[in-house]
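Single-structure report; data block below.
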Amino acid sequence: MTFSIVGYDPDAKEFGVAVASKFLGVGSVVPYAKAGVGAVASQALGNPKYGIDGLALLEKGKTVEEVLQTLIDQDKDSNWRQVGMVDSVGHSMTYTGANCYDWAGGVAGANFAIQGNILVDEYTVEAMHGTFLKAKGDLATRLMQSLRSGDLAGGDRRGKQSAALLIVKEGAGYGDTDRYIDLRVDDHIDPIPELQRLLDLHYLYFKPTDPDDILKIEGELEQKLIEQLEKLGYYTRDSTDLVTALQKFQYIENFDERVQQPGYVDRKVVEFLEQLVQEK
């Protein structure tokens, strides 16, 4: 009752899963990934063992073909399962059990596997496939573009409810964990655009500052920052200096990764501050 894509970026060493469904909290059920090992989407009549045991077998050096066959052999309800899988060298497979409700099917290639069931028709998977092959950017961006294409092509024929994106990369997550991006929209009238909004926020808060975006605080920019921070209550002309006010604003708004040395500011912080003042 879901459509998904699992992917691997061999240059960035990132694994990921993007998924959407007419199902509450699909992100808690379908996506599994482990840095340096692989990614799995387990859906239809989803079985968590396909994700948990599948990654464990991949980590032991089994091929995706061997892993999938082992999982199927151990599962009396395998005909009701649908699975996509990619390993640490980009080998992939997609499997659709004979009992999965129409339309159901998938396609796999180097570094990706796409699958869906109870879809409007096969064009959902075809659109996702074509988009992923042409998409540019990091893995999260390409997975989201693929998922969006599937949605626009028809998606789950029962409707929309939830979507999720999981990206893992060694040491790339908050606090040097491997969980780089873990975003979920559990119940929403249009979950994929909402998931994209969350991804944009993730990049805003956690992506490293582009050196070209570091601005020196002087002249017109300095005066604008003072006025805007004053409007938001961070700056008072008789008792606050701009460095302290700006730093306080950035930490309260979760811009820890974008704080610059005194006298400089990230362009993205300036744009966010300006938008915030306009909304007040």
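The values are calculated or read from the model by the stated rules, or taken from the named source; none is laboratory data. Model, not experiment: these values are computed from the prediction. Don't worry about glycine lacking a Cβ; one is built from the backbone with ideal geometry, like all the others, and counts go over all protein chains shown.
Can you go through V67, V83 and tell me which one is crowded, with 24+ Cβ neighbours inside 10 Å, at pLDDT 95 or above and within 18 Å of V125 (Cβ to Cβ)? Talk me through it step by step, then tell me what you get.
On the way: V67 fails: within 18 Å of V125 (Cβ to Cβ).
One residue alone meets the criteria, V83.
Condition first: on the phi < 0 side of the Ramachandran plot, of a type in the set (K, R) and assigned to a strand (DSSP E or B). Can you find one or more residues in segment 163-180 that meet it? Before the answer, list the steps.
Step one: list which residues in segment 163-180 are on the phi < 0 side of the Ramachandran plot, which gives 163-170, 172-174, 177-180.
Next, from what is left, pick out any that are of a type in the set (K, R): 169, 179.
Remaining after also requiring assigned to a strand (DSSP E or B): 179.
Yes, some residue in segment 163-180 is on the phi < 0 side of the Ramachandran plot, of a type in the set (K, R) and assigned to a strand (DSSP E or B).
Would you point out which residue out of A39, A33, A56 is in the same structural domain as T141 (by TED's automatic domain parsing), of a type in the set (G, A, S) and either under 21 Å from D187 (Cα atoms) or part of a helix (DSSP H, G or I) (or both)? Before you say what the answer is, go through the steps one by one.
Numbers: A39 fails: either under 21 Å from D187 (Cα atoms) or part of a helix (DSSP H, G or I) (or both); A33 fails: either under 21 Å from D187 (Cα atoms) or part of a helix (DSSP H, G or I) (or both).
Just a single option satisfies the conditions, and that option is A56.
Only one residue in G137, G150, G159, G175 is in contact (Cβ under 8 Å) with a residue 40 or more places away in the chain, among the small types (G, A, S), loosely packed, with under 14 Cβ neighbours inside 10 Å and not assigned by TED's automatic domain parsing to the domain that holds F255. Which one?
Working: G137 fails: in contact (Cβ under 8 Å) with a residue 40 or more places away in the chain; G150 fails: loosely packed, with under 14 Cβ neighbours inside 10 Å; G175 fails: in contact (Cβ under 8 Å) with a residue 40 or more places away in the chain.
Only one candidate passes the filter, namely G159.
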Go through (1) buried (at least 23 other Cβ atoms within 10 Å of the Cβ); (2) more than 26 Å from the chain's Cα centre (by Cα) one by one and return the number of the condition S78 breaks.
(1)
